[in-house]
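The values are calculated or read from the model by the stated rules, or taken from the named source; none is laboratory data. Small disclaimer: the values here were computed from a predicted structure and weren't measured. Cβ sites come from the backbone with ideal geometry, for glycine too, and all protein chains shown count toward neighbours.
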Amino acid sequence: MITIMTTGGTFDKIYFDANSQFNIGDTQVGRILEEGNATVDYTVEPLLRKDSLEITDEDRQLICDRVTASAAKQIIITHGTDTMAHTAKALAACDIADKTIVLVGAMQPARMRVSDAPFNLGFAIAAVQLLPTNIYIAMNGKVFHHDNVTKNLAAGRFETLE
């Protein structure tokens, strides 16, 4: 069984107006997997409802504690993209040796008609089942090791550090 822990981020954003005012809404994970006719066994565990720029060290410790306490060996964490790499590195310091952890996010909210969220989540579902134990980021068809990734703001994508 895969445990999907949600923290908010663009994945679950709700925009209210043209000035980009937003809130973090209920997670869209279950809806996406239902629409995709996913047959994998999973549970969803909401942890936070925050933009990743608002995630604190205390929040990262909460994520670490919940991942450590989880009986699941395969864990996906939905996370905002701005600080996703920071959280992945923080998880690496938590001494979690027996689990495969994949962080995933979206550049466009899942509620929008055009969004990368469904693709990214499906990709993360496949990645967490196939990768060896470690901590990864899965975005837009690529998997990155937690200590070798950066977000390229100008290009709007994740890249391997050079």
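In the range 144-162, how many are of a type outside the set (D, E), assigned to a loop (DSSP other than H, G, I, E, B) and exposed (fewer than 14 other Cβ atoms within 10 Å of the Cβ)?
Of the residues in that region, 6 qualify.
Within the range 1-111, considering only strands (runs of 3 or more DSSP E) that don't extend past its boundaries, which have at least 2 residues that are of a type in the set (S, T, N, Q)?
The qualifying strands (runs of 3 or more DSSP E) are 2-8, 74-78.
How many residues are in contact with a Phe, Trp or Tyr (Cβ under 6 Å, 6 or more places away or on another chain) and part of a strand (DSSP E or B) when one looks only at the range 112-143?
Residues in the range 112-143 being in contact with a Phe, Trp or Tyr (Cβ under 6 Å, 6 or more places away or on another chain) and part of a strand (DSSP E or B): 4 in total.
Based on this model, can you work out whether E45 counts as among the charged types (D, E, K, R) and more than 13 Å from the chain's Cα centre (by Cα)?
The answer is no for E45.
Of (1) in contact (Cβ under 8 Å) with a residue 60 or more places away in the chain; (2) among the basic types (K, R); (3) surrounded by 15 or more Cβ atoms within 10 Å (Cβ to Cβ), R49 satisfies all except one. Which?
(1)
In the range 103-124, how many are in contact with a strand residue (DSSP E or B) (Cβ under 7 Å, 6 or more places away or on another chain) and modelled with pLDDT of 95 or more? Steps first, answer last, please.
Within the range 103-124, the subset in contact with a strand residue (DSSP E or B) (Cβ under 7 Å, 6 or more places away or on another chain) is 103-105, 109, 111, 120-121, 123-124.
Now restrict to residues that are modelled with pLDDT of 95 or more: 103-105, 120-121, 123-124.
Number satisfying all stated conditions: 7.
Suppose the filter is surrounded by 21 or more Cβ atoms within 10 Å (Cβ to Cβ) and closer than 20 Å to V143 by Cα; does T10 pass it?
Values: surrounded by 21 or more Cβ atoms within 10 Å (Cβ to Cβ): yes; closer than 20 Å to V143 by Cα: yes.
Here the answer is yes, as T10 does meet what is asked.
Taking the stated definitions as given, is T100 closer than 23 Å to I32 by Cβ and surrounded by 22 or more Cβ atoms within 10 Å (Cβ to Cβ)?
On the way: closer than 23 Å to I32 by Cβ: yes; surrounded by 22 or more Cβ atoms within 10 Å (Cβ to Cβ): no.
Criteria not met by T100.
Kindly evaluate Q129 against the criterion of being crowded, with 16+ Cβ neighbours inside 10 Å, within 16 Å of the chain's Cα centre (by Cα), polar (S, T, N, Q) and closer than 22 Å to T39 by Cα.
no
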